[in-house]
1. Quick one: how many residues across region 209-227 are within 16 Å of ligand 1 (Cβ to nearest atom) and assigned to a strand (DSSP E or B)?
2. Just to verify a result, which residue in region 244-271, among those that are outside any strand (DSSP E or B), under 14 Å from residue 187 (Cα atoms) and touching a strand residue (DSSP E or B) at 6+ places or on another chain (Cβ under 7 Å), is farthest from ligand 2 (Cβ to nearest atom)?
3. Among the residues of region 315-344, what is the count of those that are farther than 24 Å from residue 163 by Cβ and in a helix (DSSP H, G or I)?
4. Among the residues of region 228-243, which ones are part of a strand (DSSP E or B) and surrounded by 15 or more Cβ atoms within 10 Å (Cβ to Cβ)?
5. Pull up region 183-208, narrow it to residues that are outside any loop (DSSP other than H, G, I, E, B) and closer than 30 Å to residue 35 by Cα, then point me to the one that is nearest to ligand 2 (Cβ to nearest atom).
6. Report those strands (runs of 3 or more DSSP E) wholly inside region 39-153 carrying at least 1 residues which are in contact with a helix residue (DSSP H, G or I) (Cβ under 7 Å, 6 or more places away or on another chain) and modelled with pLDDT of 95 or more.
7. Just to be sure before I move on: is residue 245 more than 11 Å from ligand 1 (Cβ to nearest atom) and farther than 23 Å from residue 210 by Cα in the structure I sent?
8. Considering each residue of region 1-38, count those that are part of a loop (DSSP other than H, G, I, E, B) and touching a residue at least 12 places away in the same chain (Cβ under 8 Å), and give that number.
Ligand code: AMP
Ligand code: MG
């Protein structure tokens with residue numbers, strides 16, 4: 001049986017970043033740049049004041065102090081967003097607001113706090129004709145230089161960068177209203193099984209709710225994909241064939257089915273997948289999630305997830321999520337992990353890679369601790385809702401002892 005690592009490497013060979021599309025800047029959040037972005041301008045575009053204060057010539061205020069103030073004639077008042085219409089010449093100053101263009105002649109800004117404006121609001125301030133400078137900041141103090149953030153023609157963000165709000169802000173600062181990012185993958189989702197009842201239908205004798213479709217659709221959305229929900233296909237050749245073809249026609253980049261691929265199943269799903277495409281394997285050496293089909297159907301890579309809801313989630317996490325991230329242009333998909341002190345013994349007698357649901361928390365000493373979430377049956381969906389991480393036990397590791405430090409892959413890294 002193929003190992004988890006080999007299965008993932010094999011599956012990922014069938015995926016590449018999707019083509020680029022230009023989107024509105026905010027819609028690019030979480031997506032990956034498909035090209036280097038070069039700035040057409042300096043940011044800031046002009047030298048400007050970093051403080052509210054007085055634009056002066058450093059030569060004029062040398063040695064100024066509270067005991068030895070320097071009196072300057074105020075020749076103008078300059079707000080942010082306006083171009084100076086006056087010059088700072090010897091013995092003069094311009095009252096200036098944060099972000100306003102540094103007027104010609106000035107090389108330094110003295111904060112209000114170091115002037116008579118702060119000491120005696122009435123004597124000076126807006127509209128006043130003179131100000132006393134009570135300190136001597138170094139030449140260039142409180143001046144932001146043109147291009148100190150970004151230089152014209154500089155590559156500000158490289159192809160492959162995932163865009164967070166900070167990058168979105170940076171792009172806006174150079175006027176990039178649209179950016180080229182990799183297209184979101186379209187993921188077809190098809191549940192299979194005669195026992196399934198749709199969420200809005202009455203639950204009748206012998207039936208269960210179709211939960212996989214919803215968990216899968218949410219996982220696709222969270223990974224950055226767009227889902228094409230095909231509903232439920234019944235366990236017969238006609239219905240399965242029709243719905244698989246519908247997903248292909250809808251332009252899926254990845255096809256995800258659930259159920260019908262384990263050993264005990266009637267072979268209808270398997271027969272239809274074999275008839276509609278070329279399947280490469282049907283099992284992976286893991287627990288939960290041993291039934292896992294992969295192949296190409298109608299030219300589209302298809303992952304046949306197990307039917308059991310927990311298996312489906314773990315298999316999605318292990319194989320579908322990296323495939324979606326690859327199509328989005330990402331090159332890394334490992335979740336963050338923590339080293340946690342295991343609060344109980346964990347065993348692996350399956351001879352397979354075991355994924356154990358755990359809840360990680362932090363104790364009073366700031367150490368992470370991990371507790372299993374109880375019953376690990378692959379149909380116990382509630383137990384994965386109590387988990388925020390997975391403890392992976394490789395096939396050859398039979399036991400982790402209580403108190404042992406183990407690596408936990410964090411599915412969620414919630415706020416504390
Ligand atoms: P199978 O792989 O078809 O043998 O299904 C394994 C288990 O998963 C069975 O108990 C199914 O009833 C259950 N199952 C299959 N599909 C779904 C689904 N869409 N939602 C919830 N449970 C499912
Ligand atoms: Mg079934």
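1. Narrowing region 209-227 to residues within 16 Å of ligand 1 (Cβ to nearest atom): 209-220, 227.
From what's left, assigned to a strand (DSSP E or B): 209, 227.
Of the residues in that region, 2 qualify.
2. Residues of region 244-271 outside any strand (DSSP E or B): 244-253, 259-271.
Now narrow it down to the ones that are under 14 Å from residue 187 (Cα atoms): 244-253.
Those still in the list that are touching a strand residue (DSSP E or B) at 6+ places or on another chain (Cβ under 7 Å) too: 244, 246-248, 250-253.
On the way: 244: 16, 246: 20, 247: 19, 248: 22, 250: 24, 251: 27, 252: 22, 253: 26 Å.
Checked region 244-271; the qualifying residue farthest from ligand 2 (Cβ to nearest atom) is 251.
3. Kept after step one, since they are farther than 24 Å from residue 163 by Cβ, are these residues of region 315-344: 315-316, 318-319, 337-344.
Checking which are in a helix (DSSP H, G or I) leaves us with 315-316, 318-319.
Count: 4.
4. Looking only at region 228-243, we keep the residues that are part of a strand (DSSP E or B), and these are 228-233.
Within region 228-243, 228, 229, 230, 232, 233 qualify.
5. From region 183-208, those outside any loop (DSSP other than H, G, I, E, B) are 186-192, 196-197, 208; that's our starting set.
Those left that are additionally closer than 30 Å to residue 35 by Cα: 186-188.
Numbers: 186: 26, 187: 21, 188: 19 Å.
In this case the residue turns out to be 188.
6. Details: elements: 53-56, 70-78, 92-96, 108-111, 130-133.
Filter on region 39-153 gives 53-56, 70-78, 108-111, 130-133.
7. Working: more than 11 Å from ligand 1 (Cβ to nearest atom): yes; farther than 23 Å from residue 210 by Cα: no.
No.
8. Residues of region 1-38 that are part of a loop (DSSP other than H, G, I, E, B), as a first pass: 1, 3, 13-19, 29-31, 34-36.
Checking the rest, the ones that are also touching a residue at least 12 places away in the same chain (Cβ under 8 Å) come to 1, 3, 14-19, 29-31, 34-36.
Total satisfying the criteria: 14.
The values are calculated or read from the model by the stated rules, or taken from the named source; none is laboratory data. Note that the structure is a prediction, hence the values are computed from the model and not measured. Reconstructed Cβ throughout: ideal geometry from the backbone, glycine too, with neighbour counts over all protein chains shown.
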